[in-house]
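Asks: Quick one: structure below, then a few questions.
The values are calculated or read from the model by the stated rules, or taken from the named source; none is laboratory data. Note that the coordinates shown come from a computational prediction; the quantities given were computed from them, not determined experimentally. Virtual Cβ from ideal backbone geometry, glycine too; neighbours counted across all protein chains shown. Surface areas here come from the heavy atoms of the whole protein model, side chains and all, with no ligands, DNA or RNA. Shrake-Rupley method; radii C 1.70, N 1.55, O 1.52, S 1.80 Å.
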Amino acid sequence: MKTWIALLRGINVGGHNRLPMKSLSQILEAAGCEHVKTYIQSGNVVFRAEIKSAARFGEEIGQAIEKEHGFSPAILLIPADELERAIASNPYPEATSEPKTLHLSFLEHEPEEGRISAAKTLLAKTESFTVKGNLLYLHAPEGIGRSKFAAGIERVLQVKMTGRNWRTVTKLEELAATLMVRAVL
């Protein structure tokens with residue numbers, strides 16, 4: 001059994017696509033997941049499961065959510081060891097002291113080099129970003145609320161993505177580590 005992180009996109013935002021975390025936990029448990037732990041209300045879940053195809057499992061969970069709640073969110077499944085590597089590869093270690101300014105986005109696939117270059121035009125003077133494979137790191141010291149980069153990056157890269165601030169990323173790693181230790185005991 002392996003430890004996984006599920007990132008759901010676009011739930012519980014502005015009163016739309018309401019999905020109580022208790023219901024999400026029950027859906028995952030019914031699908032065979034164990035030790036399900038959610039973090040905040042925006043669709044962050046850590047659990048243990050035997051999954052042969054992350055894409056297929058994500059679709060199945062999306063279908064179960066649609067059956068019970070009337071919508072199917074995009075779901076990205078990440079093995080816990082991939083999250084650990086992403087954290088270790090952070091190109092902005094100085095930004096971790098202000099975790100709201102550092103964001104990690106998981107991309108559906110690696111973007112084309114020309115699109116990465118085009119994305120630079122969206123940056124504010126204080127912002128910087130790095131793409132490493134299917135990961136995008138954004139350091140936005142002034143926040144992402146008014147960031148043109150944050151608002152337009154998916155359109156420019158033409159890659160579906162979901163992102164989390166560094167505080168959430170490290171909390172998910174912490175929860176995953178707890179489950180991995182529990183599995184060893």
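Residues checked against (1) farther than 23 Å from I153 by Cβ; (2) open to solvent by less than 60 Å² (accessible area, probe 1.4 Å); (3) modelled with pLDDT under 95; (4) not in a strand (DSSP E or B):
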residue: Q63; (1), (2), (3), (4): yes, no, no, yes
residue: L76; (1), (2), (3), (4): no, yes, yes, no
residue: P91; (1), (2), (3), (4): no, yes, no, yes
residue: I116; (1), (2), (3), (4): no, yes, no, yes
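Asks: Another question about this same structure. Out of (1) of a type in the set (S, T, Y); (2) in a strand (DSSP E or B); (3) open to solvent by 20 Å² or more (accessible area, probe 1.4 Å), the odd one out for T162 is which?
Replies: Status for T162: all satisfied but (3).
Asks: So, in region 13-24, of the ones that are outside any helix (DSSP H, G or I) and over 19 Å from K160 (Cα atoms), which residue ends up least open to solvent (accessible area, probe 1.4 Å)?
Replies: Going through the qualifying residues, I end up with L19.
Asks: Given the conditions (1) open to solvent by 50 Å² or more (accessible area, probe 1.4 Å); (2) of a type outside the set (A, V, I, L, M, F, W, C); (3) part of a strand (DSSP E or B), report the number of the one that E29 does not fulfil.
Replies: Among (1) open to solvent by 50 Å² or more (accessible area, probe 1.4 Å); (2) of a type outside the set (A, V, I, L, M, F, W, C); (3) part of a strand (DSSP E or B), E29 violates only (3).
Asks: Within region 22-61, count every residue that is within 15 Å of L172 (Cα to Cα) and either of a type outside the set (A, V, I, L, M) or touching a strand residue (DSSP E or B) at 6+ places or on another chain (Cβ under 7 Å) (or both).
Replies: The number of residues fulfilling the criteria is 13.
Asks: Right, another one. Taking K52 as meeting all but one of (1) basic (K, R); (2) farther than 22 Å from S105 by Cα; (3) part of a helix (DSSP H, G or I), write down the number of the exception.
Replies: If we test K52 against (1) basic (K, R); (2) farther than 22 Å from S105 by Cα; (3) part of a helix (DSSP H, G or I), just (3) comes out false.
Asks: Checking A95 against (1) out of contact with any helix residue (DSSP H, G or I) (no Cβ under 7 Å at 6 or more places or on another chain); (2) of a type outside the set (S, T, N, Q); (3) within 20 Å of L138 (Cα to Cα); (4) modelled with pLDDT of 95 or more, which test does it fail?
Replies: Here A95 meets the rest and fails (1).
Asks: With the requirement that a residue be closer than 13 Å to T3 by Cα and either open to solvent by 10 Å² or more (accessible area, probe 1.4 Å) or among the basic types (K, R) (or both), what does region 34-46 give you?
Replies: Residues satisfying the conditions are E34, H35, V36, K37.
Asks: Which count do you get for residues in region 130-159 that are without any contact (Cβ under 8 Å) to a residue 40 or more places away in the chain, under 16 Å from the mean Cα position of the chain (by Cα) and in a strand (DSSP E or B)?
Replies: 3
Asks: Something else: How many residues are over 12 Å from T101 (Cα atoms) and surrounded by 13 or more Cβ atoms within 10 Å (Cβ to Cβ) if we restrict to region 132-147?
Replies: Residues in region 132-147 being over 12 Å from T101 (Cα atoms) and surrounded by 13 or more Cβ atoms within 10 Å (Cβ to Cβ): 4 in total.
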